[in-house]
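One structure is given below, encoded as structure tokens.
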Amino acid sequence: MGDVSHMAEWQRMLTESKFCKKIIYMKFLNNSQDVPWKKLFFGNAARPRAIFTLWMVCLGRISTKTRLMKFGILDNNNCVMCTGDEDLNHLFFLCERTKSIWQEVLNWLQVEHGTGGWDYELKWMIHRCNQKGWKSILLKTALAETVHACWLYRNSFVFKDDDKDRNRHRRIAKEIIDRIVQRIWNKPKLRGKIAPFLL
């Protein structure tokens, strides 16, 4: 019965003349679906667009080349940034370019962690964010912002043929860190916690 009422609610929103992202975002957050990664979204200070991208990745619905190939849209699944096959595991974070971005963010957070593919990272994040506290919020925010930035980085290769700047991953990591600081700084209770990372 719950599924029917959810479907009716979605249909109503789709037929309205004005589309409201906030309503859709709140529906995603309040969805009662019980998945092991749901705690990655509670208290996450990342931007809504970054949280939405993370949610799509957790669901396995992001349009990687491997997924598009299964639908017959593409005839190859070669990663545009390296020589691997572009699936979720590879893109987040086995690809050397996205791996280096995630590693720089983790280094800034002073978190020692050997990165792996998406399945490994997701299990690690679920374990790390199982407890409450400011470190959990910081790490969840970092993951969402990093996943979103890496997805945009990947898209710049696909749609803009943007492979000329070999140091762009460093700039992206710095942008992610700046975004994390900005988002956490907006929460007065967490300002004192983020301050040591700025020294």
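The values are calculated or read from the model by the stated rules, or taken from the named source; none is laboratory data. Not measured: the values here are computed from a predicted model. All Cβ positions, glycine included, derive from the backbone under ideal geometry; neighbour counts span all protein chains shown. Just so you know, the surface numbers come from the protein's heavy atoms only, side chains and all, with ligands and any DNA or RNA stripped out. Shrake-Rupley method; radii C 1.70, N 1.55, O 1.52, S 1.80 Å.
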Being out of contact with any Asp or Glu (no Cβ under 7 Å at 6 or more places or on another chain) and surrounded by 14 or more Cβ atoms within 10 Å (Cβ to Cβ) is the filter; apply it to segment 176-193 and report the residue that is nearest to LEU106 (Cα to Cα). ILE177
Which pairs have Cβ atoms under 6 Å, sit 6 or more apart or on different chains, and link a residue in segment 177-199 that is at pLDDT 85 or above to one that is acidic (Asp, Glu)? ARG179/GLU145; ILE180/GLU145
Restricting attention to segment 151-159, does a residue exist that is in contact with a Leu (Cβ under 8 Å, 6 or more places away or on another chain), at pLDDT below 95 and either assigned to a helix (DSSP H, G or I) or open to solvent by 90 Å² or more (accessible area, probe 1.4 Å) (or both)? yes
Helices (runs of 4 or more DSSP H) wholly inside segment 32-126 that include at least 2 residues being farther than 19 Å from LEU143 by Cα and open to solvent by less than 40 Å² (accessible area, probe 1.4 Å): 65-70
Residue check: is THR146 part of a helix (DSSP H, G or I), in contact with a Cys (Cβ under 8 Å, 6 or more places away or on another chain) and hydroxyl-bearing (Ser, Thr, Tyr)? no
